Amino acid sequence: MLSPSSIKAKARDLGFDLCGIAPADSFPELAFLREWLQRGYAGTMEWMARSADRRADVRQVVPGARSVIVTGTLYNTDRPYSADLPAHVARISRYAWGDDYHDVLKRRLDALLAWMRAESPETFAACGYVDTGPVQERVYAQYAGLGWIGKNTCLINRELGSWLFLSEIITTLPLEPDTQGLEQCGSCTRCLEACPTGALVEPGVLDSKRCLSYLTIEHRGDMPAEHRHALGAHVYGCDVCQEVCPYNQPAPHSSDAAWQPRSGLDLPALVDLSRRSDAEWAAVLTGSPMKRAKVAGLRRNIDVALRNSGL
């Protein structure tokens, strides 16, 4: 018999560290997206505006949706934080060291959904997403009890910290929801104070145009002059606002082979990255989330980082 407890047990068997259930409701946090877009904080990510209506309510994604099953997967591995690395080492976001989480987690999510269909005595509609669909997944993760949305805009779990991949299944099944996660940041403002570019303009609000992750991954063209120095040695993404979070001091490590640093991305030197040929980059980026920045974007980032380091 399909039940919330059996779904959570199966999710853990498939490699998910967290699993909870949220009702497919119109939560107040979902409405802020439109204001965020109107402020221009999305930068050139125009696809967010195009899907704003669907992002405001998962029932526009799966008609008749009753529940959202949210999973969390720890990806932190046993490597130093960026602040503890030598200046010549390239800063690459931890999530990008291993295999592409979209592919790995989608296979696991598909397996969970296939099991649910086999176990359910009734047919139901459902759709699964891994950071690709028109879903404000952190909001649903909070209402599914996986944690709370921190001042750094990341979902934070009291035991696991914030190094978490989120994925979800939106379904018409009327599953009993979990208790909402409650905010536990308190008066802490470490993430806002540590952000290299001041991209966290207020607690829980990110101006993407100033965020190093946006600038090194989503932004095309030249690096804005006003942010080049702040880039430091970052060549793909930025983890600073998570590294300083008390709930990541320290954070547990994952032994999952999928998230372990692959050859060529395990604390590489900036100079070594700059010397790679396009063919070498193609090999390294195969099956990696870093391919989103494209080789041209990575070379741009590496060039700025080299200039910052004086190498």
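The values are calculated or read from the model by the stated rules, or taken from the named source; none is laboratory data. Small disclaimer: the values here were computed from a predicted structure and weren't measured. Cβ sites come from the backbone with ideal geometry, for glycine too, and all protein chains shown count toward neighbours. These accessible areas exclude ligands, DNA and RNA; they are computed on the full protein's heavy atoms, side chains included. Shrake-Rupley method; radii C 1.70, N 1.55, O 1.52, S 1.80 Å.
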Carbon plus sulfur fraction of accessible area for the chain, probe 1.4 Å, in percent: 51 percent
For a test of the definition: using alpha carbon positions, the gyration tensor, and the 1.5 limit on a/c, classify region 107-177 as rounded, prolate or oblate. prolate
Please turn the phi angles of region 254-260 into ³J(HN,Hα) values with the Karplus equation 6.51 cos²θ - 1.76 cosθ + 1.60 (θ = phi - 60°), one per residue in order, whole Hz, x for glycine and proline. 9, 9, 4, 4, 5, 9, 6
The simple spin-label model distance between Q180 and L85, using points 7 Å out along Cα→Cβ, in nm, is 3.8 nm
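Please state the charge dipole magnitude for region 150-216, taken about the Cα centre, from unit charges on C-beta atoms (+1 on K and R, -1 on D and E), reported in debye and rounded to the nearest 20.
Numbers: 5 positive and 8 negative charges, 70 e Å.
For region 150-216, the charge dipole is close to 340 debye.
If R₀ is 41 angstrom, what is the calculated FRET efficiency for the pair S187 and A269, using the beta carbon separation as r and rounding to 0.05?
On the way: r = 39 Å, r/R0 = 0.96.
That pair, S187 with A269, gives E of 0.55.
Using a 1.4 angstrom probe, figure out how much accessible area region 58-144 has per residue, in square angstrom, rounded to the nearest whole.
Numbers: 3470 Å² over 87 residues.
Averaged over the residues of region 58-144, the accessible area is 40 Å².
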Choose one of V205, S187, G237: the residue whose Cα lies farthest towards the positive end of the charge dipole of region 179-274 (beta-carbon charges +1 Lys, Arg; -1 Asp, Glu; about the Cα centre). G237
Just to be sure I understand the model, the point goes 7 Å from the Cα along the line to the Cβ. What's the resulting Q60 to A257 distance in nm? 4.3 nm
Which of the cysteines in the chain are isolated, no other cysteine C-beta under 4.7 Å? C19, C127, C154, C185, C188, C195, C211, C238, C245
How would you classify region 121-234 from its alpha-carbon gyration tensor, with a ≥ b ≥ c the square roots of the eigenvalues: rounded for a/c under 1.5, else prolate if a/b is greater than b/c, otherwise oblate? oblate
Region 128-223: trypsin sites (Lys or Arg not before Pro) falling in loop per DSSP and having at most 12 other Cβ within 10 Å: R158, R220
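Taking 0.36 nm per residue of sequence separation and subtracting the Cα-Cα distance, how much length would be gained by fully extending the chain between R158 and R12, in nm to one decimal? Show your work: numbers first, answer last.
Details: separation 146, 0.36 × 146 = 52.56 nm, distance 1.83 nm.
In short, 50.7 nm is gained.
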Test of the criteria: in region 98-165, which GluC sites (Glu not before Pro) are in a DSSP loop and have at most 15 other Cβ atoms within 10 angstrom of their Cβ? E122, E159
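Anything in the chain that counts as a DSSP H helix reaching 15 Å or more along its axis (C-alpha) with Kyte-Doolittle mean of at least -1.0? List them, would you?
Numbers: long enough: 101-119 (26 Å, -0.35); 294-309 (22 Å, -0.31).
Taking the DSSP H segments of the chain (at least 15 Å long, mean hydropathy at least -1.0), we get 101-119, 294-309.
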Measuring from centroid to centroid over Cα atoms, what is the spacing of region 195-236 and region 251-278 in Å? 21 Å
Show that you can apply the helix-only estimate: for the chain, add -39,500 (n - 2.57) for every DSSP H stretch of four or more residues, divide by all residues, and state [θ] at 222 nm to the nearest 500. -8500 deg cm²/dmol
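Report the gain in length on full extension from A52 to Q249: 0.36 nm times residue separation, minus Cα-Cα distance, nm rounded to one decimal.
Values: separation 197, 0.36 × 197 = 70.92 nm, distance 3.53 nm.
Additional length available on full extension: 67.4 nm.
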So with the 1.4 Å probe, I'd like the accessible area per residue for region 214-311, rounded to whole Å². 47 Å²
With 0.36 nm assigned to each residue of separation and the Cα-Cα distance removed, R117 to V201 gains 25.9 nm
FRET efficiency for A283 and R34, Cβ-Cβ distance as r, R0 = 35 Å, nearest 0.05? 0.25
